[in-house]
1. Sequence neighbours fewer than 8 away in the same chain don't count; with that in mind, list the lysines whose C-alpha is under 21 Å from Lys172.
2. Can you list the residues, at least 5 places off or on another chain, whose amide H is less than 5 Å from the amide H of Glu220, using H built in the peptide plane?
3. Add -39500 (n - 2.57) for each DSSP H run of 4 or more in the chain, then divide by its residues: what number comes out at 222 nm, to the nearest 500 deg cm²/dmol?
4. Give, in nm to one decimal, the length gained when the segment between Thr99 and Gln212 is fully stretched (0.36 nm per residue of separation minus the Cα-Cα distance).
5. For segment 21-72, what does the alpha-carbon gyration tensor say about shape, rounded, prolate or oblate, given a ≥ b ≥ c as the root eigenvalues, a/c under 1.5 as rounded, and a/b over b/c as prolate?
6. Which far-off residues, 5 or more places away or on another chain, put their amide H under 5 Å from the one on Phe102, with H placed in the peptide plane?
7. Loop only by DSSP, 14 or fewer other Cβ within 10 Å of the Cβ. Give me the GluC sites (Glu not before Pro) in segment 144-225 that pass, ordered by residue number.
8. How big is the shadow of the Cα convex hull of the chain, averaged over all directions, in nm²?
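The values are calculated or read from the model by the stated rules, or taken from the named source; none is laboratory data. Keep in mind it's a predicted model, so treat the numbers as computed, not measured. Virtual Cβ from ideal backbone geometry, glycine too; neighbours counted across all protein chains shown. Surface accessibility is based on the protein's heavy atoms, side chains included, excluding ligands, DNA and RNA. Shrake-Rupley method; radii C 1.70, N 1.55, O 1.52, S 1.80 Å.
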Amino acid sequence: MSVFDDPGLFGRLWAADYDSGDTNPDPMPAVDFLADLADGGPILELAIGTGRVALPLAERGLTVHGVEASEEMLAQMRAKPGGDQIPVVVADMADVPVTGEFRLAYLVFNTLFNLVDAERQADCFRNVARVLSPGGAFVIETFVPDPRSFDRDEQVQVWNVAEDSATIRLHKYDRPTQSFIRQTITFDGDGVHLKPFAMRYAWPHQIDEMAQQAGLRLAERYADWHRRPFDADSRAHISVYRKQ
(Lines give C-alpha, C1' and ligand atoms only; values in the text may rest on other atoms or scores of the structure.)
Protein backbone atom coordinates (compact mmCIF):
# COMPACT_ATOMS: atom_id res chain seq x y z
CA MET A 1 0.00 0.00 0.00
CA SER A 2 1.24 3.49 -0.85
CA VAL A 3 2.57 5.87 1.78
CA PHE A 4 -0.10 8.27 0.52
CA ASP A 5 -3.05 6.07 1.52
CA ASP A 6 -1.83 3.98 4.46
CA PRO A 7 -2.09 6.02 7.69
CA GLY A 8 -0.29 3.37 9.73
CA LEU A 9 2.77 2.98 7.49
CA PHE A 10 4.87 5.65 9.20
CA GLY A 11 4.39 4.02 12.59
CA ARG A 12 5.22 0.55 11.33
CA LEU A 13 8.50 1.79 9.85
CA TRP A 14 9.59 4.24 12.54
CA ALA A 15 8.09 3.08 15.85
CA ALA A 16 11.23 1.35 17.12
CA ASP A 17 13.34 4.50 16.60
CA TYR A 18 10.71 7.17 17.23
CA ASP A 19 11.86 8.14 20.72
CA SER A 20 15.46 8.68 19.67
CA GLY A 21 17.47 10.88 17.37
CA ASP A 22 16.08 13.79 15.38
CA THR A 23 12.48 12.68 15.95
CA ASN A 24 12.76 13.25 19.70
CA PRO A 25 12.41 16.92 20.68
CA ASP A 26 11.98 17.66 24.37
CA PRO A 27 8.23 17.19 24.98
CA MET A 28 8.05 19.05 28.29
CA PRO A 29 7.49 22.58 26.89
CA ALA A 30 4.51 21.18 24.99
CA VAL A 31 3.31 19.33 28.09
CA ASP A 32 3.46 22.51 30.19
CA PHE A 33 1.62 24.53 27.54
CA LEU A 34 -1.11 21.94 27.07
CA ALA A 35 -1.59 21.37 30.80
CA ASP A 36 -2.24 25.10 31.20
CA LEU A 37 -4.99 24.92 28.57
CA ALA A 38 -6.55 21.64 29.69
CA ASP A 39 -9.06 23.24 32.07
CA GLY A 40 -9.27 20.00 34.02
CA GLY A 41 -9.76 17.82 30.94
CA PRO A 42 -10.60 15.42 29.51
CA ILE A 43 -7.97 15.65 26.75
CA LEU A 44 -7.70 14.01 23.34
CA GLU A 45 -4.39 13.47 21.55
CA LEU A 46 -4.52 12.67 17.86
CA ALA A 47 -1.60 10.49 16.71
CA ILE A 48 -0.72 9.71 20.31
CA GLY A 49 2.26 7.67 19.13
CA THR A 50 4.60 6.48 21.86
CA GLY A 51 2.92 8.65 24.48
CA ARG A 52 5.75 11.10 25.02
CA VAL A 53 3.25 13.97 25.52
CA ALA A 54 0.22 12.04 26.76
CA LEU A 55 1.98 10.18 29.55
CA PRO A 56 3.40 13.28 31.29
CA LEU A 57 -0.05 14.89 31.05
CA ALA A 58 -1.63 11.81 32.62
CA GLU A 59 0.98 11.93 35.39
CA ARG A 60 -0.37 15.39 36.26
CA GLY A 61 -3.77 13.87 36.97
CA LEU A 62 -5.40 14.73 33.64
CA THR A 63 -7.61 12.22 31.82
CA VAL A 64 -6.11 11.60 28.39
CA HIS A 65 -7.59 9.68 25.45
CA GLY A 66 -5.87 8.95 22.16
CA VAL A 67 -6.22 8.02 18.53
CA GLU A 68 -3.36 6.22 16.78
CA ALA A 69 -3.18 4.51 13.38
CA SER A 70 -0.16 2.33 14.18
CA GLU A 71 -0.30 -0.72 16.45
CA GLU A 72 3.50 -0.61 16.54
CA MET A 73 3.53 2.94 17.92
CA LEU A 74 0.90 2.00 20.45
CA ALA A 75 2.94 -1.00 21.58
CA GLN A 76 5.82 1.35 22.39
CA MET A 77 3.52 3.42 24.61
CA ARG A 78 1.98 0.38 26.29
CA ALA A 79 5.48 -0.76 27.32
CA LYS A 80 6.05 2.45 29.32
CA PRO A 81 4.88 2.97 32.91
CA GLY A 82 1.24 4.06 32.82
CA GLY A 83 0.97 3.47 29.08
CA ASP A 84 -1.62 0.74 29.47
CA GLN A 85 -3.93 3.09 31.40
CA ILE A 86 -4.65 5.48 28.53
CA PRO A 87 -7.61 4.49 26.31
CA VAL A 88 -6.65 4.61 22.63
CA VAL A 89 -8.68 3.93 19.49
CA VAL A 90 -6.62 2.44 16.65
CA ALA A 91 -7.79 4.36 13.59
CA ASP A 92 -7.01 7.14 11.13
CA MET A 93 -6.73 10.33 13.18
CA ALA A 94 -8.70 12.32 10.57
CA ASP A 95 -11.82 10.35 11.49
CA VAL A 96 -11.55 11.19 15.23
CA PRO A 97 -13.61 8.05 16.05
CA VAL A 98 -14.30 8.88 19.70
CA THR A 99 -17.33 10.06 21.67
CA GLY A 100 -17.80 12.55 24.43
CA GLU A 101 -16.84 16.18 24.85
CA PHE A 102 -13.21 17.15 25.33
CA ARG A 103 -11.92 20.40 26.79
CA LEU A 104 -8.72 20.07 24.78
CA ALA A 105 -7.57 18.22 21.67
CA TYR A 106 -4.09 18.52 20.22
CA LEU A 107 -2.01 17.47 17.23
CA VAL A 108 1.70 18.25 17.62
CA PHE A 109 5.12 17.67 16.01
CA ASN A 110 3.90 18.59 12.46
CA THR A 111 1.57 15.58 12.45
CA LEU A 112 -1.29 17.44 10.78
CA PHE A 113 0.86 17.32 7.65
CA ASN A 114 1.00 13.52 7.82
CA LEU A 115 -2.54 13.69 6.42
CA VAL A 116 -1.36 13.92 2.84
CA ASP A 117 -4.62 15.10 1.29
CA ALA A 118 -6.12 18.57 1.81
CA GLU A 119 -9.62 17.14 2.25
CA ARG A 120 -8.46 14.74 4.95
CA GLN A 121 -6.85 17.62 6.80
CA ALA A 122 -10.18 19.46 6.61
CA ASP A 123 -11.96 16.28 7.81
CA CYS A 124 -9.70 16.26 10.85
CA PHE A 125 -10.75 19.78 11.84
CA ARG A 126 -14.43 19.06 11.30
CA ASN A 127 -14.29 15.88 13.37
CA VAL A 128 -12.33 17.50 16.19
CA ALA A 129 -14.91 20.30 16.34
CA ARG A 130 -17.59 17.62 16.70
CA VAL A 131 -16.07 16.25 19.93
CA LEU A 132 -14.95 19.50 21.59
CA SER A 133 -17.04 21.01 24.35
CA PRO A 134 -18.22 24.62 23.84
CA GLY A 135 -15.19 26.86 24.19
CA GLY A 136 -12.88 23.85 24.00
CA ALA A 137 -9.44 24.23 22.41
CA PHE A 138 -7.72 22.47 19.51
CA VAL A 139 -3.95 23.02 19.50
CA ILE A 140 -1.88 22.55 16.34
CA GLU A 141 1.92 22.61 16.08
CA THR A 142 3.49 22.70 12.62
CA PHE A 143 6.44 24.19 10.80
CA VAL A 144 5.90 27.19 8.54
CA PRO A 145 6.78 26.14 4.99
CA ASP A 146 9.80 27.92 3.57
CA PRO A 147 9.83 27.90 -0.27
CA ARG A 148 13.61 28.12 -0.18
CA SER A 149 13.73 24.60 1.25
CA PHE A 150 12.02 23.16 -1.82
CA ASP A 151 13.28 25.45 -4.57
CA ARG A 152 14.16 22.30 -6.55
CA ASP A 153 11.71 19.53 -7.32
CA GLU A 154 14.17 16.90 -6.11
CA GLN A 155 16.79 16.91 -3.34
CA VAL A 156 19.40 14.46 -2.09
CA GLN A 157 20.96 14.70 1.38
CA VAL A 158 23.68 12.66 3.03
CA TRP A 159 22.12 11.76 6.38
CA ASN A 160 24.68 9.53 8.03
CA VAL A 161 27.98 7.86 7.11
CA ALA A 162 29.70 5.25 9.26
CA GLU A 163 32.20 2.47 8.67
CA ASP A 164 29.49 -0.17 8.33
CA SER A 165 26.55 1.82 6.95
CA ALA A 166 25.46 4.93 5.09
CA THR A 167 22.09 6.68 4.98
CA ILE A 168 20.81 9.17 2.43
CA ARG A 169 17.52 11.03 2.17
CA LEU A 170 15.80 11.93 -1.07
CA HIS A 171 12.88 14.33 -1.42
CA LYS A 172 10.58 14.80 -4.37
CA TYR A 173 8.24 17.79 -4.18
CA ASP A 174 4.90 18.39 -5.86
CA ARG A 175 4.42 22.11 -5.32
CA PRO A 176 0.93 22.40 -6.89
CA THR A 177 -0.44 19.93 -4.32
CA GLN A 178 1.88 21.19 -1.53
CA SER A 179 3.14 17.67 -0.94
CA PHE A 180 6.35 15.72 -0.95
CA ILE A 181 7.55 12.17 -0.61
CA ARG A 182 10.74 11.43 1.28
CA GLN A 183 12.72 8.24 1.08
CA THR A 184 15.32 7.40 3.73
CA ILE A 185 17.68 4.75 2.35
CA THR A 186 20.19 2.91 4.51
CA PHE A 187 22.90 0.68 3.06
CA ASP A 188 24.56 -1.77 5.44
CA GLY A 189 25.79 -5.33 5.67
CA ASP A 190 22.24 -6.66 5.67
CA GLY A 191 21.28 -4.94 2.43
CA VAL A 192 19.22 -1.89 1.48
CA HIS A 193 16.51 -0.57 3.81
CA LEU A 194 13.77 1.84 2.70
CA LYS A 195 11.66 4.09 4.93
CA PRO A 196 9.24 6.18 2.85
CA PHE A 197 7.36 9.14 4.29
CA ALA A 198 5.02 11.75 2.83
CA MET A 199 3.55 15.09 3.90
CA ARG A 200 1.07 17.67 2.68
CA TYR A 201 2.23 20.99 4.12
CA ALA A 202 0.14 24.14 4.57
CA TRP A 203 0.74 27.74 5.56
CA PRO A 204 -0.81 29.15 8.74
CA HIS A 205 -3.50 31.09 6.87
CA GLN A 206 -4.56 27.89 5.08
CA ILE A 207 -4.83 26.07 8.41
CA ASP A 208 -6.87 28.98 9.76
CA GLU A 209 -9.29 28.59 6.84
CA MET A 210 -9.77 24.90 7.57
CA ALA A 211 -10.42 25.68 11.20
CA GLN A 212 -12.90 28.44 10.38
CA GLN A 213 -14.83 26.17 8.03
CA ALA A 214 -15.09 23.65 10.88
CA GLY A 215 -16.50 26.23 13.29
CA LEU A 216 -13.24 26.94 15.11
CA ARG A 217 -11.71 30.38 15.59
CA LEU A 218 -8.05 31.26 16.04
CA ALA A 219 -7.63 32.42 19.65
CA GLU A 220 -3.84 32.44 20.11
CA ARG A 221 -0.72 31.92 18.01
CA TYR A 222 2.89 31.68 19.15
CA ALA A 223 6.26 30.93 17.61
CA ASP A 224 6.96 28.13 20.08
CA TRP A 225 5.74 26.42 23.23
CA HIS A 226 7.29 29.16 25.35
CA ARG A 227 4.75 31.62 23.91
CA ARG A 228 7.28 33.72 22.07
CA PRO A 229 5.52 36.10 19.64
CA PHE A 230 4.78 34.76 16.17
CA ASP A 231 6.01 36.99 13.34
CA ALA A 232 7.02 36.89 9.69
CA ASP A 233 10.36 35.27 10.56
CA SER A 234 8.92 32.45 12.68
CA ARG A 235 9.71 29.00 11.34
CA ALA A 236 7.00 27.22 13.35
CA HIS A 237 3.71 28.04 15.01
CA ILE A 238 1.63 26.88 17.93
CA SER A 239 -1.99 27.76 17.12
CA VAL A 240 -4.89 27.51 19.55
CA TYR A 241 -8.36 27.29 18.02
CA ARG A 242 -11.54 27.55 20.07
CA LYS A 243 -14.92 26.04 19.35
CA GLN A 244 -17.36 28.85 18.63
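1. Cross-link targets: Lys195.
2. Val240
3. Mean residue ellipticity at 222 nm (helix-derived): -6000 deg cm²/dmol.
4. Contour length minus Cα-Cα distance gives 38.5 nm.
5. oblate
6. Correct list: Leu132, Ser133.
7. Sites meeting the loop and neighbour criteria: Glu163.
8. With every direction weighted equally, the projected area is 13.5 nm².
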